[in-house]
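The structure appears below as structure tokens.
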Amino acid sequence: MNKKLNYKKFSLKVNLTVWYIIILLLVLIFFSSILYLYLEEQLKQEVKNILELEIENIKEEIKRFDNSNNNYLNSIINNKNIKTVFYSKQGDLKTEILKDDSILKIIPKNINKKNDFKILKYQDNKWALMVRPFYLSSKPEEKAGYIMMLYSLAKEESMLKKLLLILIIMIPITLILASGGGYFLANRALKAIDIISTTAEKISQSNLSRRISNSKNREDEIGRLIKTLNNLFDRLESSFYRQKQFNADVSHELRTPISVIKAQVDEALDEDELTSEQKNILLTIKKQIAQMNNLISQMLILAKADENNFELDKEEFDLNIVVDTVIEEMNNLALEKNILISKEIIVNDDFKIKADLSLITQLLLNIFDNAIKYTQTNGKIKITLNKLDNYYKLNIIDNGIGIAKENLTNIFKRFYRVDKSRSREYGGTGLGLSICNWIVNTHGGEIKVNSSLEEGSKFTILLPKN
Ligand code: ADP
């Protein structure tokens, strides 16, 4: 399976920290390598200087005794770290090699590079090798032979090994500490962005008049972002406001011409000489005007709902009495379809509520109107009224056409109708339930629906007592 890592799903904090660690790792490796190579070169130079000095001392001594015979040269003591051997002026080995001095066994019997410095590897150790000519004081211009000096690099090697070990241990430790620091810094830097996005989210969800606060008066990138977003919200708010205002104004403006048309149609219908065809036309116009009137009234209510500072006109009344009034008002409509409306009071008590009477009446009218509209002839509508601790619970149950499950979440949206032509036929606008939803919510209550297709619907309204 070829699963590619998707970096986009990690948070910006993690991404930043990972990049920071990768860059830090590269920098550490680069500087560690430079440090290691520099130290290695320095040590090499130092060894070269030591050998140069040692050879110079031996050369001086040979000159002092002016002797280059084998016995004399062999008497120059080799110690553990520095070994000295001599070659003739032709380049042949003159020093006797003892059996136990194993390093000396690898040196050439004859040398051709007669002025040389190099590093040799023998078994696990490294040795520095230097070849220089020596002279006798009796013949200062003629080479008497060559000195080869070997220097054990064990000390230098162990120093370099220790350095390497320290670097290998320190790099991961530094990275772990730095990743904690990096995450902390990224978190700090992005916290402001986190706050901005949660506030911005709340602004779009609740109301557009809220703004992101710049309490620390930042003038950096974050400050600029806050300013840009707030300017955007300013523009959005004013364009939303203009749009809402436009809807409200249009609805208002339409009211007068519509009532004039309605009055004219009514007047025309009173004429005696109308043919039945003319009468039908006028009646159709009247029906359409009633529907338009209904739409405009509902749009005006929604314009109110869109006002940010809308205030409820609360008063105390008995919910049960209002339910009775609305039933009575709706009864004629129900009788036209021979629908029986019944009411059941679960708790025998009063139903005093503090709410906006005209809105609650509108709410009940809409729900009852729907129940009648979407229930077949000879159907039944049952209303139950219950008193809970802090709420009144009202159920409006019909045995009408019902609503399919997939449409249930949409019916509270503006202009949503399950069956447009059916709704229009009954004078529906698709705005009734969105108005109900707003009325209930603005009172701090809840509206729910349970429904099965062909079986009927149950609308439950919970309204707080105060
Ligand atoms: P409308 O003006 O179309 O009735 P509403 O907002 O009042 O608009 O209702 C939205 C839709 O929900 C309706 O078009 C209808 O399809 C459905 N609906 C509402 N109440 C009922 C009900 N009691 N029974 C069946 N369907 C309903």
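The values are calculated or read from the model by the stated rules, or taken from the named source; none is laboratory data. For clarity, every value in this text was computed on a predicted model and none was experimentally measured. Cβ: placed from backbone, ideal geometry, glycine included. Neighbour counts: every protein chain shown. For the accessible areas, the whole protein counts, side chains as well, though only heavy atoms, and no ligand, DNA or RNA atoms are used. Shrake-Rupley method; radii C 1.70, N 1.55, O 1.52, S 1.80 Å.
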TODO: List, in order, the whole-Hz ³J(HN,Hα) value for each residue of the stretch 186-200 obtained from phi through the Karplus relation with A = 6.51, B = -1.76, C = 1.60 and θ = phi - 60°; use x for Gly and Pro.
DONE: 4, 4, 4, 5, 8, 4, 4, 5, 4, 4, 4, 5, 5, 5, 4
TODO: Filter the GluC sites (Glu not before Pro) in the stretch 379-466 to those in DSSP coil with at most 13 other Cβ atoms within 10 Å of their Cβ, and list the result.
DONE: GLU454, GLU455
TODO: Project the alpha carbons of the chain onto their principal axes and report the range along each, largest first, in whole Å.
DONE: 159, 46, 44
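With a 10 Å radius around each residue's Cβ, average the other Cβ atoms per peptide and rank 13-22, 390-399, highest first.
With the highest mean Cβ count within 10 Å placed first, the list reads 390-399, 13-22.
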Open item on the list: Treating the stretch 12-161 as a set of equal point scatterers at the Cα positions, no solvent, please give the Debye-formula log₁₀ I(q)/I(0) at q = 0.10, 0.14, 0.16, 0.18 Å⁻¹.
Closed with: -0.46, -0.72, -0.88, -1.06
Task: Among THR460, LEU269, TYR122 the positive-end extreme of the charge dipole of the chain (Cβ point charges) - done: TYR122
- [ ] List, in the order given, every pair from LYS352/LYS382; LYS83/LYS126; LYS109/LYS161; LYS105/LYS162 whose Cα-Cα distance in the structure shown is over 24 Å.
- [x] LYS109/LYS161; LYS105/LYS162
Task: Å³ per residue enclosed by the Cα convex hull of the stretch 210-291 - done: 93 Å³
Open item on the list: Tell me which GluC sites (Glu not before Pro) from the stretch 241-323 have a DSSP coil assignment and no more than 15 other beta carbons within 10 Å of their own.
Closed with: GLU271, GLU273, GLU307, GLU311
Task: Amide H contacts of GLY402 (H built 1.01 Å from N, under 5 Å, at least 5 apart or other chain) - done: GLU454, GLY456, SER457
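Go ahead and estimate [θ] at 222 nm for the chain from helices alone: -39,500 (n - 2.57) per DSSP H run with n ≥ 4, summed, over the residue count, rounded to 500. Each step should come with its number before you reach the end.
Working: 9 runs with 244 residues, N = 466.
Helix-only estimate at 222 nm: -18500 deg cm²/dmol.
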Task: Inter-probe distance in nm under a simple model that places probes 7 Å from Cα toward Cβ, at ARG255 and LEU37 - done: 8.7 nm
Task: Student exercise, the chain dipole from Lys, Arg, Asp, Glu Cβ charges, in Debye to nearest 20 - done: 3320 debye
Task: Accessible-area order (highest first, 1.4 angstrom probe) of the listed residues ASP324, ASP313 - done: ASP313, ASP324
